[in-house]
1. If you scan the stretch A:133-155, which residues turn out to be part of a helix (DSSP H, G or I) and within 26 Å of A:Leu51 (Cβ to Cβ)?
2. If we keep just the residues of the stretch A:57-94 that are open to solvent by 40 Å² or more (accessible area, probe 1.4 Å) and closer than 22 Å to A:Arg16 by Cα, which is nearest to the other protein chains (Cβ to nearest Cβ)?
3. Need the failing condition index for A:Asp97 against (1) part of a loop (DSSP other than H, G, I, E, B); (2) under 30 Å from B:His41 (Cα atoms); (3) more than 14 Å from every other protein chain (Cβ to nearest Cβ); (4) not aliphatic (A, V, I, L, M), just the number.
4. Do you know which residues across the stretch A:183-201 are in contact (Cβ under 8 Å) with a residue 24 or more places away in the chain and either surrounded by fewer than 19 Cβ atoms within 10 Å (Cβ to Cβ) or not small (Gly, Ala, Ser) (or both)?
5. Are any residues in the stretch A:202-231 surrounded by 17 or more Cβ atoms within 10 Å (Cβ to Cβ), under 21 Å from the mean Cα position of the chain (by Cα) and closer than 17 Å to A:Pro91 by Cβ, and if so, which ones?
6. Give the residue, chosen from A:Pro116, A:Pro105, that is part of a loop (DSSP other than H, G, I, E, B), within 18 Å of A:Gln87 (Cα to Cα) and in contact (Cβ under 8 Å) with a residue 40 or more places away in the chain.
7. Could you grab the pairs with beta carbons closer than 6 Å, sequence gap of 6+ or different chains, first residue in the stretch A:123-141 and in the same structural domain as A:Arg161 (by TED's automatic domain parsing) and touching a residue at least 60 places away in the same chain (Cβ under 8 Å), second one of a type outside the set (A, V, I, L, M, F, W, C) and open to solvent by 50 Å² or more (accessible area, probe 1.4 Å)?
8. Among B:Leu2, B:Leu24, which is at pLDDT 95 or above and at the interface with chain A (Cβ under 9 Å from one of its Cβ atoms)?
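The values are calculated or read from the model by the stated rules, or taken from the named source; none is laboratory data. All figures in this text were calculated on a predicted structure; none of them were measured in a lab. Every residue, glycine as well, gets a Cβ built from its backbone with ideal geometry; the counts of neighbours run over all protein chains shown. Accessible surface areas use protein heavy atoms only, side chains included; no ligands, DNA or RNA. Shrake-Rupley method; radii C 1.70, N 1.55, O 1.52, S 1.80 Å.
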Amino acid sequence: MRGEILRALNAERAARRPAILVTDIAEGTQRLVTAEALAGDPLAPLLRKALASGRSGLVEAEGRTHFLTVQVPPVRLVVIGAVHISQALVPMAAALDLALTVIDPRTAFASPERFPGTELAAEWPDRALGGRVPPLDPYCALAALTHDPKIDDPALQAALRAGCFYVGALGSRKTHAARLARLAEAGFSEAETARIRAPIGLDIGAATPAEIALSVLGEIVQALRRPGDQA
Amino acid sequence: MLSSDTDILAAAEAWRRAGRGVALATVIETWGSAPRPVGSHLVIDEAGSFLGSVSGGCVEGAVIADALDVIAEGKPRILEFGVADETAWRVGLSCGGRIRVYVERVD
């Protein structure tokens with residue numbers, strides 16, 4: 001492997017950008033394909049599939065065997081609201097290997113006693129994101145769970161602007177209609193706000209906070225593994 | 001897996017930058033109950049120091065020996081390990097799986 005390819009691969013990872021190292025295992029020749037360059041690559045359809053699955057592996061193309069080293073940034077879950085559902089979410093997200101951060105400016109809610117061992121930011125979302133919490137990006141999921149537009153709205157706006165692969169918001173259909181009107185007022189198009197999943201979570205009849213947490217995580221996994229499947 | 005692989009590729013770059021001869025081993029194929037998934041890395045330097053894992057310890061010694069040759073010669077090679085090997089008791093996978101490992105020099 002040429003030193004510059006390794007450096008570029010490490011740089012892409014440090015910047016949380018996806019990339020695939022393509023190695024012809026018979027010849028030993030290699031190239032690094034970044035997300036931007038993917039469309040122009042001769043193996044584009046195979047590479048796109050590999051990126052979606054996030055898994056490295058061998059592929060056959062035009063009589064040659066290539067190994068794809070797939071590098072996808074680890075997924076982060078940002079939860080707005082240190083509420084009961086969030087408490088149930090913490091251990092479930094850990095089981096799924098999701099890095100989770102809870103943001104809530106209400107210090108009575110965002111307390112280490114209520115969230116032991118959890119990454120917590122007792123700040124307004126627009127202040128926390130890009131500050132104490134790394135900025136959102138396409139490999140982040142955001143779940144807005146406070147029911148309070150003052151707290152949820154700025155976070156949802158940040159998530160839409162950052163292109164988070166999952167944006168969900170708690171609230172009834174009526175609450176969501178009012179939310180959509182506010183976002184339209186703030187300049188977001190219908191296509192943009194249609195990306196918000198509300199009412200949040202897969203429709204499994206969730207009744208308790210833990211069940212709602214499960215339905216939200218199920219929806220996040222679906223958005224990650226089967227993009228384009230949005231209900 | 002993701003975070004540890006991060007450290008391994010970063011180490012490969014740092015070791016090379018420090019002027020050490022470096023090889024990178026990558027699991028490219030597994031059959032059966034292989035201990036480490038496809039894409040797992042092991043980085044080796046010319047002195048035999050290593051970081052990471054391709055088999056959870058079963059065949060690392062053999063991979064390192066080949067990696068030292070690859071560092072000297074510069075030509076990548078593909079290694080295969082499994083219980084069916086003659087050398088199963090020395091460098092086989094006791095779990096019953098089989099793996100193929102690609103070893104390349106970092107230039």
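1. none
2. Filtering first and then ranking leaves A:Pro74.
3. (3)
4. Here is the first cut: in the stretch A:183-201, the ones in contact (Cβ under 8 Å) with a residue 24 or more places away in the chain are A:183, A:186, A:188, A:192-193, A:195-201.
Hits for the stretch A:183-201 are A:Leu183, A:Ala186, A:Phe188, A:Glu192, A:Thr193, A:Arg195, A:Ile196, A:Arg197, A:Pro199, A:Ile200.
5. The first filter runs over the stretch A:202-231 and keeps only residues surrounded by 17 or more Cβ atoms within 10 Å (Cβ to Cβ), leaving A:202, A:206, A:212-217, A:219-220, A:223-224.
Imposing the further condition that a residue be under 21 Å from the mean Cα position of the chain (by Cα) reduces the set to A:202, A:212-217, A:219-220, A:223-224.
Within the stretch A:202-231, A:Ile212, A:Ala213, A:Leu214, A:Ser215, A:Val216, A:Leu217, A:Ile220 meet the criteria.
6. A:Pro105
7. Sorted first by the residue in the stretch A:123-141, then by its partner, the pairs are A:Asp137/A:Arg16.
8. Going through B:Leu2, B:Leu24 in turn, just one is at pLDDT 95 or above and at the interface with chain A (Cβ under 9 Å from one of its Cβ atoms): B:Leu24.
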